[in-house]
Amino acid sequence: MIRLQKYIASCGAASRRAAEEMIASGRVSVNGKTVTEMGVSIDEYNDEVMLDGRVIVPEEKKVYILLSKPKGYVTTACDDHGRPTVLDLVDVPERVFPVGRLDLNTEGLLILTNDGEFANHLMHPRYECEKTYFARTAEPVDDSALEMLRKGVKIEGGFVTSPATVIRKDANKFSVRIREGKKRQVRKMFEAVGAKVLYLRRTAIGELRDTQLEKGKWRYLTREEVNYLMNYSSEK
C-alpha cells in the first residue's frame, strides 16, 4: 500500500505537495471514485488512479532538467490564459513538471523533473535549497534598508521572511540569497523597504550554477548534480 499523493508523485505528475492540492480540488479518482481527503492509501498494483480523467502510472525513467527560463513564460504545466509555459521550452518524451516557481517576468535557473520524491525533497521546508538572485531596482537602496532585508521583513500577507544574504553590487544592483520560496518573494521584500524591482534573475539553486546556459535553453542535470541536490540541506 502507498499513500495516494506519493503515488501521484511517482507517476511524474507533480510533487507530493502539489499532488495534495490536486486531490483536495477533486481532480483525482481511485477506481472511478473521486477522492478529496488526505491520508488515503492505495494498492499501487491493482487500483486504477486517474488525474483529470486520465489513468496515470509510475514513470520508469527519471529525468532531471536544468532550464534557463526567459521572461514571458509561466512556471506551470498549462495556463488557463493561453500564455506560453516553461514546458514549451523543453522537448523530452517524459512528462515533467517544474520544481518550485519563477514568476512570469523573472528569468533564471529552474529545475524540471518527473521524480516527485526529488521535487518534494527540494521544496520541503526542512531541506529547501537556498536560491540566489540578481536584482536591479528602480531606485537606489540605502544601507539601512539592506540591513532590514538581511534581518527579515514583513511582506504581503503578514509573512516575515527569514534572514537573507544581501550583497550590494551597485547603488541599485544586488545579489540576494533566500531560503523560502514564497510567491514573488524577492520583489515583495524590496517593496517592503520602498524599492521596486525592475529586473530579477535566479542565478543559483544551492551552489548549482550555469552561466553558460543561454536563455530558453536546457540541459540534463549530471548524476553528481542530482546527488548534490538530493543531499542538500539549508540547515547545514
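Every number here is computed from the coordinates shown, using simple stated rules; none is lab data. Computed from a predicted structure; not experimentally measured. With ideal geometry, Cβ positions are generated from the backbone for all residues, glycine too; neighbour counts draw on all protein chains shown.
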For segment 131-205: lysine pairs under 18 Å (alpha-carbon distance), excluding those fewer than 8 apart on one chain | 18
Quick one: grab the alpha carbon gyration tensor of segment 7-141, order the square roots of its eigenvalues as a ≥ b ≥ c, and give me rounded if a/c is under 1.5, else prolate or oblate depending on whether a/b is larger than b/c.
-> prolate
What share of the DSSP beta bridges in the chain is antiparallel, in percent to the nearest 5?
-> 95
Between Gln212, Pro163, Tyr199, whose Cα lies farthest towards the positive end of the dipole of segment 154-236 when Lys and Arg beta carbons carry +1 and Asp and Glu beta carbons carry -1, centred on the Cα centre?
-> Tyr199
Computed, not fitted: 222 nm per-residue ellipticity of the chain from DSSP H runs ≥ 4 (each -39500 (n - 2.57)), nearest 500, equal to -5500 deg cm²/dmol
Once both labels are modelled 7 Å past Cα along the beta-carbon direction, what's the Lys173-Asp88 spacing in nm?
-> 3.0
Name the long-range amide H neighbours of Thr106: under 5 Å, sequence gap of 5 or more, or other chain; modelled H, no Pro or chain starts.
-> Gly72
Gyration tensor on Cα atoms of segment 131-205, a ≥ b ≥ c root eigenvalues, a/c under 1.5 rounded, else prolate if a/b beats b/c, else oblate, says rounded
